[in-house]
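Colleague: Right, I'll just put the structure down here and ask away after.
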Amino acid sequence: MRELEKILEEIDETIERYGKNPYIDEKVTDLCYGLNIAKDIIRKHINDGWIPVEERLPEESLNSVIGWDEYRERCCFVQYYGGKWALRADREPIKIIAWRPLPEPYRPERSMN
């Protein structure tokens, strides 16, 4: 993953370099726009399935998910209800920055092979 982070840094440097060009034209603007799209694609791979809450919230059918708190200190089983995130056990409000659906349940018969 460190390689992808280095690529993101290089893209940022390129955007900054072109952004300082006093002769910015449509081609430069299009280039920078394309580089920002590339950054988004790379970030999706870095996040490994985590969905930022700014991108989208879970559908109502996925009321229980795994979430990361705002301090990136704990990953926990949370519910999204009424526009708020809460720990399932005690309904303590919590600020979640990213989430992902729950994995499939464990099935011992699959691991016996």
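Colleague: Search segment 1-12 for residues being modelled with pLDDT of 85 or more and open to solvent by less than 80 Å² (accessible area, probe 1.4 Å), and hand back the single one that is nearest to the chain's Cα centre (by Cα).
Modeller: It comes out as Leu8.
Colleague: Under 8 Å between Cβ atoms, which residue pairs at least 6 apart in sequence (or on different chains) link something in segment 32-56 that is more than 22 Å from Ile66 (Cα to Cα) with a partner that is modelled with pLDDT under 80 and part of a helix (DSSP H, G or I)?
Modeller: Close Cβ pairs (under 8 Å, with a partner that is modelled with pLDDT under 80 and part of a helix (DSSP H, G or I)) amount to Cys32/Gly19.
Colleague: Using the structure shown, decide if Arg17 is open to solvent by 80 Å² or more (accessible area, probe 1.4 Å), under 30 Å from Ile94 (Cα atoms) and basic (Lys, Arg).
Modeller: No: the conditions fail for Arg17.
Colleague: Step by step: first the residues of segment 80-103, then only those that are at pLDDT 75 or above and not aromatic (Phe, Trp, Tyr), then the one that is surrounded by the fewest Cβ atoms within 10 Å (Cβ to Cβ). Which residue is that?
Modeller: Pro103
Colleague: Now for a different question. Do you know which residues across segment 13-44 are in a helix (DSSP H, G or I), modelled with pLDDT under 90 and of a type in the set (Asp, Glu)?
Modeller: Of everything in segment 13-44, those that are in a helix (DSSP H, G or I), modelled with pLDDT under 90 and of a type in the set (Asp, Glu) turn out to be Glu16, Glu26, Asp30, Asp40.
Colleague: Right, here's the next one. Does Arg56 meet the test of being in contact with a Gly (Cβ under 6 Å, 6 or more places away or on another chain), modelled with pLDDT of 70 or more and of a type in the set (D, E, K, R)? Working first, answer last.
Modeller: Details: in contact with a Gly (Cβ under 6 Å, 6 or more places away or on another chain): no; modelled with pLDDT of 70 or more: yes; of a type in the set (D, E, K, R): yes.
Answer is no for this residue.
Colleague: When you check Ile24 against the structure, is it farther than 24 Å from Pro101 by Cα, loosely packed, with under 14 Cβ neighbours inside 10 Å, in contact with a Phe, Trp or Tyr (Cβ under 8 Å, 6 or more places away or on another chain) and not acidic (Asp, Glu), yes or no?
Modeller: So Ile24 fits the description; yes.
The values are calculated or read from the model by the stated rules, or taken from the named source; none is laboratory data. These figures come from a predicted structure and were not determined experimentally. Using ideal geometry, Cβ is built from the backbone for each residue, glycine included, and neighbour counts are taken over all protein chains shown. Note: accessible area is taken over every heavy atom of the protein model, side chains too, but ligands, DNA and RNA are not part of it. Shrake-Rupley method; radii C 1.70, N 1.55, O 1.52, S 1.80 Å.
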